[in-house]
């Protein structure tokens, strides 16, 4: 079905810049970049998929059934996303909050051309219908192409983001969340707020490159579906399937960095690691994802490989756990996503009650934020990130948005939760509000 070719690149060749520049000409683009994070579970350093041969786009109604049929019929590489609002397909829930972005709730496409980068090796996979373009494309790539410096009108205008709710409203809503916890409705819930701007024009690819340079996360993603863009600096893996092995790595627990004071930076990381509130948040979500995985796993195979380990990224320290399981025989790949979606780190416990309370207290429909972006390979294996630390942009309506949030537990202090939101928002705000 595909023709492939591998080439060894000379040291220092700017392959990521070249590939991203080539991506500009296509209407459907997904770019994944691990930013040299040496993750023992990842297969590639970067992947570019472009130009849909086939695609699926739908709302939440029967979305997982449609995805299952598409994935099993295609039996090829497919790339795309699951929006948070697919919760309404999995449970008897609804999404009635304001939506300024208007993204489809599910989108996947079968790319004509895929580029895999691992160390200094580039591998091209082209559908047979375009395999006559492979050699010419490769020649242009190896010549480094001509970098276009395309900037849209609106160049240099900083984007002024404003909160959907005031700080006072946010603090009040956290108090309401705490009242739900005290009543026993939930143990924990992820509460988010949106920052947005209207009537803005910018070059999404340039903004993504700037965001990625600041954050250097292990699950960076640039996604384009015609006029809908995702610019993601996600540090979190949602779920991976390799053969019968499943892996999820929820993040709960965030602390700022102190780059100019290494001793203080180490103190912040240690404080996060030992913080009883952050650890209890993480453990609650680990219990939730263990329960989710057990729905499709072989009995007794779910195990916590790593609990509450602190990892450091350019912007923040994060507390991450790793949970593994062995998939029961005969269960379709999409079923694993259906039974674990949305991811526990972005919902709460118990999961359904948390999602109901989130819907009641938040002002904005989450859409792609706190959903997942990833791919299936031809065998049905997959890898998906969690859409956090991300900018969403509708180029036609000129609406741009990002959301940030955190887990509210009985130990939460509203003011501290608000400050944690600002820490998470810093890189996103910086990229949008500075001149290009």
Under a 10 Å cutoff between Cα atoms, tell me which one of 342, 250, 350 has the largest fluctuation in the Gaussian network model of the chain.
350
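Take 58, 397 and order them by how many other Cβ atoms sit within 10 Å, fewest up front.
Numbers: 58 18, 397 13.
Ascending number of Cβ neighbours within 10 Å: 397, 58.
Using the eigenvalues of the Cα gyration tensor, what equivalent ellipsoid semi-axes result for segment 178-224 when each is taken as the square root of five times the eigenvalue, whole Å, largest first?
Details: eigenvalues 248, 54, 14 Å².
Largest first, segment 178-224 gives 35, 16, 8 Å.
Based on the mean of other beta carbon atoms within 10 Å per residue, what is the order of 299-306, 210-217, 97-104, 230-237, most packed first? Each step should come with its number before you reach the end.
Values: 299-306: 12.8, 210-217: 20.1, 97-104: 17.4, 230-237: 25.8.
Ranked by mean Cβ neighbours within 10 Å, highest first: 230-237, 210-217, 97-104, 299-306.
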Over the chain, what relative contact order in percent results from Cα pairs under 8 Å that are six or more residues apart?
24 percent
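Mean residue ellipticity at 222 nm from the helices of the chain, using -39,500 (n - 2.57) per DSSP H segment of n ≥ 4 over the full residue count, to the nearest 500 deg cm²/dmol?
On the way: 11 runs with 134 residues, N = 436.
Theoretical 222 nm ellipticity from helices: -9500 deg cm²/dmol.
Ranking 313, 81, 41 by Cβ neighbours within 10 Å, fewest first, what do you get? Before the final figure, lay out the partial values.
Working: 313 18, 81 27, 41 13.
Ranked by crowding around the Cβ, least crowded first: 41, 313, 81.
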Name the shape class, rounded, prolate or oblate, that the alpha-carbon gyration tensor gives for segment 206-254, where a ≥ b ≥ c are the square roots of its eigenvalues, rounded holds for a/c under 1.5, and otherwise prolate holds if a/b is larger than b/c and oblate otherwise.
oblate
Round to a whole angstrom and tell me the spacing of the C-alpha centers of segment 42-109 and segment 247-262.
29 Å
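Quick check: convex hull over the Cα atoms of the chain, volume per residue in Å³, rounded to an integer?
Details: hull volume 61.1 nm³, N = 436.
That works out to 140 Å³ per residue.
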For the chain, set up a GNM with springs between Cα atoms under 10 Å and report which of 261, 76, 381 has the largest fluctuation.
261
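Taking other Cβ within 10 Å of each residue's Cβ, how do 370, 353 sort, fewest first?
Details: 370 25, 353 17.
In order of increasing Cβ crowding within 10 Å: 353, 370.
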Solution diffusion estimate, µm²/s, Stokes-Einstein, segment 56-210, Kirkwood Rh from C-alpha pairs, 37 °C, viscosity 0.692 mPa s:
158 µm²/s
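Since every read-out is calculated from the coordinates, none of them should be taken as a lab result. These numbers were taken from a predicted model, which means no experiment stands behind them. Here the Cβ is made from the backbone with ideal geometry for all residues, glycine too, and neighbour counts use every protein chain on show.
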